[in-house]
Amino acid sequence: MNRMDFSQAVIRIKVLEKRLLTRARLERMADAQDLEEVMKILGETEYQQHLGNLKRVEDYEQVLALEMKRVYHLMDELTGENVIKDLLAMKYDYHNLKVLVKEKISGKSLSHLLVPYGVRDMSKVKTALATGDHRELEEPIREALLQVLSDYEKTGDPQRIDILLDRSYYEHLGHIARETKIPLFEDYVKNQVDFANVRTLIRVKKMDKDLKFLEEVLLPGGNIERETLLYAIHDSLDTIMVKLKNERLAKPILLGLEAFRKTGRLSEFEKIADNELMTLNKGSKNVIFGPEPLFSYLHAKEAEVKALRIIMVSKINKLSPETIRERLRDLYV
């Protein structure tokens, strides 16, 4: 990647960053009387262009989907580097891959579970699953698909579909990030893996599963050594926290585990993890030449949509403004 190739795109992104939703606007939505009022506030923003054809406010997902499609299309206009989109949108591709594999083995239509944000043409995967000819698929996707189909043929266990494809996803993601040699991209993937693996350790312990199961579900490519997590399977929470105190992400991880100790839930851990990933991206504000501002803007947009979804779901369920605020993550602006 030539950093100078992104100079014009970065200028455009710096302008677009000013249109991102602020915490103050989200709090106005949290205080809104109902979903209709939330939509009125949203009409004051760049989301307004998607509201015209909305028949019911409860169909807010249409608005969020259209905005994400618009932003991903914008990335195509700004740069020919697909890796920026891949690092964020590939999770949707692998989600859709899971859906299509489950659709094939169940014989039932699961098209309603497909998400429209991915960057890969899923029609090729559908064709490959229907014909058994996988030659047209790109190598990482092809390998992942063949592995999960072979495993299901041997075990007949549909739960392993998610386990195997999650592992393939992070291997694919890590490979792409390493090839860029961009520290932000590599750290973003490694941090995600570390947070996910610590959550997995806690969940496996709660489920009273064994070491073999933990070994299968831990993801590759993080900073924390797999052995550190594997050997913690029988440890107390206090001992786990001591073992992780010198890790790179020790501060947010320990904060998250302390919150888990108090509540017995991992929701606060997940919020802390999201906030740490946002903090990592905020360094891009000082980058003038390079792909980092584009990636961080796209990440900020995804976080913004997630925040809107939290607010809208909360309004439908008539949750208090205080509860909504507690659930909201940090923003880029």
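The table below gives the values:
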quantity: All positions within segment 215-251 that are among the hydrophobic types (A, V, I, L, M, F, W, C), touching a helix residue (DSSP H, G or I) at 6+ places or on another chain (Cβ under 8 Å) and in a helix (DSSP H, G or I); calculated: Val217, Leu229, Leu230, Leu237, Ile240, Met241
quantity: Qualifying residue in segment 189-204 (condition: touching a helix residue (DSSP H, G or I) at 6+ places or on another chain (Cβ under 9 Å), open to solvent by 80 Å² or more (accessible area, probe 1.4 Å) and without any contact (Cβ under 8 Å) to a residue 12 or more places away in the chain); calculated: no
quantity: Residue match in segment 272-279 (condition: more than 23 Å from Ala250 (Cα to Cα), assigned to a helix (DSSP H, G or I) and of a type outside the set (D, E, K, R)); calculated: no
quantity: First in segment 300-318 and within 21 Å of Glu276 (Cβ to Cβ), second anywhere and open to solvent by 30 Å² or more (accessible area, probe 1.4 Å) and in a helix (DSSP H, G or I), Cβ under 9 Å, 6 or more apart; calculated: Ala303/Asp274; Lys306/Asp274; Ala307/Arg327; Arg309/Glu61; Ile310/Arg327
quantity: Filtered residues of segment 148-166 (kept if of a type outside the set (Val, Ile, Thr), over 17 Å from Asn96 (Cβ atoms) and open to solvent by 40 Å² or more (accessible area, probe 1.4 Å)); calculated: Ser150, Tyr152, Glu153, Lys154, Gly156, Asp157, Gln159, Arg160
quantity: Of all residues making up segment 218-233, the number that are closer than 15 Å to Tyr169 by Cα and either among the charged types (D, E, K, R) or surrounded by 18 or more Cβ atoms within 10 Å (Cβ to Cβ) (or both); calculated: 4
quantity: Search result, residues across segment 292-333 that are open to solvent by 10 Å² or more (accessible area, probe 1.4 Å), part of a loop (DSSP other than H, G, I, E, B) and not aliphatic (A, V, I, L, M); calculated: Asn317, Lys318, Ser320, Arg329, Asp330
quantity: Lone unmet requirement of (1) hydrophobic (A, V, I, L, M, F, W, C); (2) closer than 17 Å to Leu35 by Cα; (3) in contact with a helix residue (DSSP H, G or I) (Cβ under 6 Å, 6 or more places away or on another chain); (4) surrounded by fewer than 18 Cβ atoms within 10 Å (Cβ to Cβ) for Phe289; calculated: (2)
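The values are calculated or read from the model by the stated rules, or taken from the named source; none is laboratory data. What you see is a predicted model, and the numbers here were worked out from it, not measured in a lab. Note that we place each Cβ from the backbone using ideal geometry, even for glycine, and neighbour counts take in every protein chain shown. For the accessible areas, the whole protein counts, side chains as well, though only heavy atoms, and no ligand, DNA or RNA atoms are used. Shrake-Rupley method; radii C 1.70, N 1.55, O 1.52, S 1.80 Å.
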